[in-house]
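**Student:** Please see the structure below; I have some questions.
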Amino acid sequence: MTFPTTRLRRLRTSPVTRNLVRETQLTRNDLIMPLFVCPGTKVENPISSMPGNSQLSVDLLVEKAKALYDKGIQALLLFGIPEHKDETGDVACQHNGIVQQAVRALKKEVPGMYLIADICNCEYTVHGHCGTIVDGDVHNDLTLETLAKQSVSLANEGVDMVAPSDMMDGRVGAIRKALDKNGLYNTPIMAYSAKYASAFYGPFREAAESAPKFGDRKTYQMDPSNSNEALREVALDIEEGADIVMVKPALSYLDVINRVKNEFNMPVCAYNVSGEFSMVKAAAANGWIDEERIVLEILTSIKRAGSDMIISYHSQDVVDKL
Ligand code: PBG
């Protein structure tokens, strides 16, 4: 049937029909809010390139988590800024590590909040790379050991889910094996499966103090030109035991999100990263865009592309509009 019998504007005439036929509904259940924890008490270091986000000491992190929980945020992704860094990221595996302290406090004070720990070494190593350096590059198999150790340590402290973001080969399998060996078989793994070597992480590296001191991350993170390779990454992570697979960043990779969702019958997460966030904030600060509408459109588009859940720094601003 074609025009004039068919008129697609007919169902757009009323807000009610628009509601009835809406294909994608963004809800607060879809959102995960990232937070940064740092040493000290009463410390709040605003991240200049990410308005509304700060490094927070454990006490203020707990306050922030309570406020977010009351607003309807049910899950956090935690990043740590440690007091001291070392060569291998072993500081991230200690009972008194910064994220470990945060997890204990959060589980006590905001027990309903679901805690996801980013698993990586770049915030914890003096060189800022995501693993152990041998001969000027990250050594894959040595790094698996620290990633597994960090995962077990955090899960033992009460973290609900671990999310390895390092892009080493075989890390999902190594982490699954280590968790199971320690009786942590109910701790899910959300794998940063298709993580690209992206310039969109710029503001995050200020936030997490994790910029590499030499070179870049191109020997482990993916080339932005590739999407068949993303499917191979995802397939391997699923085989190794990933419970959720992630595509990161989100906006320049909506095609990858869509391919992953269509190819695999798996829960998909997308990370709406720091640079994507900062661009919106900068334009909004200049009065060039309607921030609220833009953010809802962005998050809805990520979901429409096929993501079941979204990690976004916008979560705290939009949760009470859903
Ligand atoms: C750690 C990690 C990074 C991000 C999440 N986990 C940075 C990186 O790979 O350099 C980026 C998040 C963001 O930009 O919001 N490896």
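Here, each number is a calculation from the coordinates, and none is a lab measurement. This structure is a prediction, so every number in the text was calculated from the model and none was measured. Backbone-built Cβ (ideal geometry, glycine too); neighbour counts: all protein chains shown.
**Student:** In the stretch 158-300, what is the volume of the convex hull around the alpha carbon atoms, normalised per residue and reported in Å³?
**Tutor:** Value for the stretch 158-300: 143 Å³ per residue.
**Student:** Dipole of the chain (Lys/Arg Cβ +1, Asp/Glu Cβ -1, origin at the Cα centre): which of GLY89, HIS129, LEU322 lies farthest to the positive side?
**Tutor:** About the Cα centre, the residue reaching furthest to the positive side is LEU322.
**Student:** Could you tell me which trypsin sites (Lys or Arg not before Pro) in the stretch 213-322 are loop residues by DSSP with no more than 12 other beta carbons within 10 angstrom of their beta carbon?
**Tutor:** Answer by residue number: LYS213, LYS218.
**Student:** Ignoring everything except DSSP H segments at least 4 long, calculate the 222 nm mean residue ellipticity for the chain; use -39,500 (n - 2.57) per segment, divide by total residues, nearest 500.
**Tutor:** -11500 deg cm²/dmol
**Student:** Here's a follow-up. Can you compute the modelled spin-label distance between LYS42 and ASP86, with each label point 7 Å from Cα toward Cβ, in nm?
**Tutor:** A separation of 3.2 nm, rounded to one decimal place.
**Student:** Still on this structure, I have one more. Kindly give the semi-axes, whole Å and largest first, of the ellipsoid equivalent to the chain, taking each as the square root of 5 times a Cα gyration tensor eigenvalue.
**Tutor:** 33, 23, 19
**Student:** Among ASN182, GLY241, TYR271, flag the residue with its Cα farthest along the positive direction of the charge dipole of the stretch 179-283, charges on Cβ as +1 for Lys/Arg and -1 for Asp/Glu.
**Tutor:** TYR271
**Student:** What relative contact order, as a whole-number percentage, does the stretch 214-322 give when Cα pairs under 8 Å and 6 or more residues apart are counted?
**Tutor:** 26 percent
**Student:** Give the long-range amide H neighbours of ILE133: residues separated by 5 or more places, or on another chain, with amide H under 5 Å away, using H modelled in the peptide plane at 1.01 Å from N.
**Tutor:** HIS139
**Student:** Using a ≥ b ≥ c from the Cα gyration tensor of the stretch 170-224 (square roots of the eigenvalues), is it rounded, prolate or oblate, where a/c under 1.5 gives rounded and otherwise the larger of a/b and b/c decides, a/b for prolate?
**Tutor:** The shape class here is prolate.
**Student:** Here's something else I'd like to know. Show me the chymotrypsin sites (Phe, Trp or Tyr not before Pro) within the stretch 162-226 that DSSP assigns to loop and that have at most 10 other Cβ atoms within 10 Å of their Cβ.
**Tutor:** TYR185, PHE214
**Student:** On to the next question. For labels at TRP288 and LYS218 in the simple 7 Å Cα→Cβ model, what's the distance in nm?
**Tutor:** Distance between label points: 2.8 nm.
**Student:** Helix 274-285 against the longest principal axis of the chain: what's the angle in degrees, Cα atoms only, rounded to the nearest 10?
**Tutor:** 50 degrees
**Student:** Also, I was wondering about something else. In the structure shown, do any of LYS213/LYS248; LYS261/LYS303; LYS149/LYS195; LYS218/LYS248; LYS149/LYS177; LYS213/LYS281 have a Cα-Cα gap over 19 Å, and if so which?
**Tutor:** LYS213/LYS248; LYS149/LYS195; LYS213/LYS281
**Student:** Relative contact order for the chain: what percent, with Cα pairs under 8 Å and sequence separation of 6 or more?
**Tutor:** Value for the chain: 18 percent.
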